[in-house]
Amino acid sequence: SGVTAAEFIFYNRYMEANRYAHLPPVTRHIIRLSQNLKQSTYRLDTALETLENLSKVESRIHEIKQTIEFIDKLRVIMQANQLAINNLVTYAQANKDFFVKKELAWVDNLQMFYNNHSVIRHYQSLQKYLDSFEELLRYTYVNFYHITEHKTEEHLKNYDEYYLRYRRAVDSHNRFNVKRITFQNQFLKTYPDIREYLPGERQTETFRLWE
């Protein structure tokens, strides 16, 4: 019946809300932070896959505008992911003695991963990649017909400069991405329990050159 179904839903929500009620507040909070990190990481990975698909489309003005708009959304997702990372790392470091005492090694392992230089540089290079990609797209969108039809010397020269910066950013991101993936695979051999909280292992060919 409808009542039975409603009661079942309410019971499930109650059980989920009180799932960790027996745990200390510090433990409950780190679990919430880790769940936020897991969800935001998944959203970022999914969004980057979408960007990859958008990047493969033919260079038409409609697709260019669509990709620019999506990059704006992607930036919001990236900011949420970085906030989730920073919140967890900061809380884990502030309460390290507690987690060691409670033998919650996965917390320290997680913050160690996100504090690694290769991981940090990976995210920084991703940001630079998005910046240069968006700059190229916006210039191309505004000057689309000057570039594709009239082929004026000034606009073609400017386009080449934007594209060169973009190409360098892609190459740089790919290098840092390889380093991050290599480190991540090695790290997971020792600490496999944190796999679900880490970014996807995208290979360098994920970010195609947009032309």
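The values are calculated or read from the model by the stated rules, or taken from the named source; none is laboratory data. In this text, all values refer to a predicted model and were calculated from it rather than measured experimentally. Quick reminder, even Gly has a Cβ in these numbers, built from the backbone with ideal geometry, and neighbours come from all protein chains shown. Only protein heavy atoms, including side chains, enter the accessible area calculation; ligands, DNA and RNA are left aside. Shrake-Rupley method; radii C 1.70, N 1.55, O 1.52, S 1.80 Å.
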Taking the range 144-158 on its own, how many of its residues are under 26 Å from residue 74 (Cβ atoms) and either open to solvent by 40 Å² or more (accessible area, probe 1.4 Å) or at pLDDT 95 or above (or both)?
-> 2
For the range 96-119, which residues satisfy the criterion of being open to solvent by less than 70 Å² (accessible area, probe 1.4 Å), in a helix (DSSP H, G or I) and not hydrophobic (A, V, I, L, M, F, W, C)?
-> 108, 109, 111, 114, 118
List the pairs whose first member sits in the range 62-88 and is closer than 17 Å to residue 30 by Cα, whose second member is modelled with pLDDT of 95 or more and open to solvent by 70 Å² or more (accessible area, probe 1.4 Å), and whose Cβ atoms are under 7 Å apart, counting only residues at least 6 apart or on separate chains?
-> 84/36
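If you take the residues in the range 120-138 that are of a type in the set (A, V, I, L, M, F, W, C) and within 21 Å of residue 184 (Cβ to Cβ), which one is most open to solvent (accessible area, probe 1.4 Å)? Can you show your working first?
Pass one, the range 120-138, residues of a type in the set (A, V, I, L, M, F, W, C): 120, 126, 130, 133, 136-137.
Checking the rest, the ones that are also within 21 Å of residue 184 (Cβ to Cβ) come to 120, 126, 130.
Numbers: 120: 70, 126: 1, 130: 0 Å².
It comes out as 120.
I'm checking my understanding of the structure. Among residues of the range 143-178 that are part of a helix (DSSP H, G or I) and β-branched (Val, Ile, Thr), which one is nearest to residue 121 (Cα to Cα)?
If we filter the range 143-178 for residues that are part of a helix (DSSP H, G or I), which is where we start, we get 144-150, 153-178.
Then keep just the ones that are β-branched (Val, Ile, Thr); that gives 147-148, 170, 178.
Details: 147: 34, 148: 36, 170: 14, 178: 11 Å.
Restricting to residues being part of a helix (DSSP H, G or I) and β-branched (Val, Ile, Thr), the top hit is 178.
Considering only residues that are polar (S, T, N, Q) and assigned to a helix (DSSP H, G or I), which ones fall in the range 32-78? Show your work before the answer.
Quick first cut of the range 32-78, residues polar (S, T, N, Q) only: 34-36, 39-41, 46, 50, 53, 55, 59, 66-67.
Within the range 32-78, 34, 35, 36, 39, 40, 41, 46, 50, 53, 55, 66, 67 meet the criteria.
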Determine if the range 79-93 includes at least one residue that is farther than 23 Å from residue 46 by Cβ and not in a helix (DSSP H, G or I).
-> no
Can you tell me how many residues in the range 21-76 are farther than 28 Å from residue 96 by Cβ and among the hydroxyl-bearing types (Ser, Thr, Tyr)?
-> 5
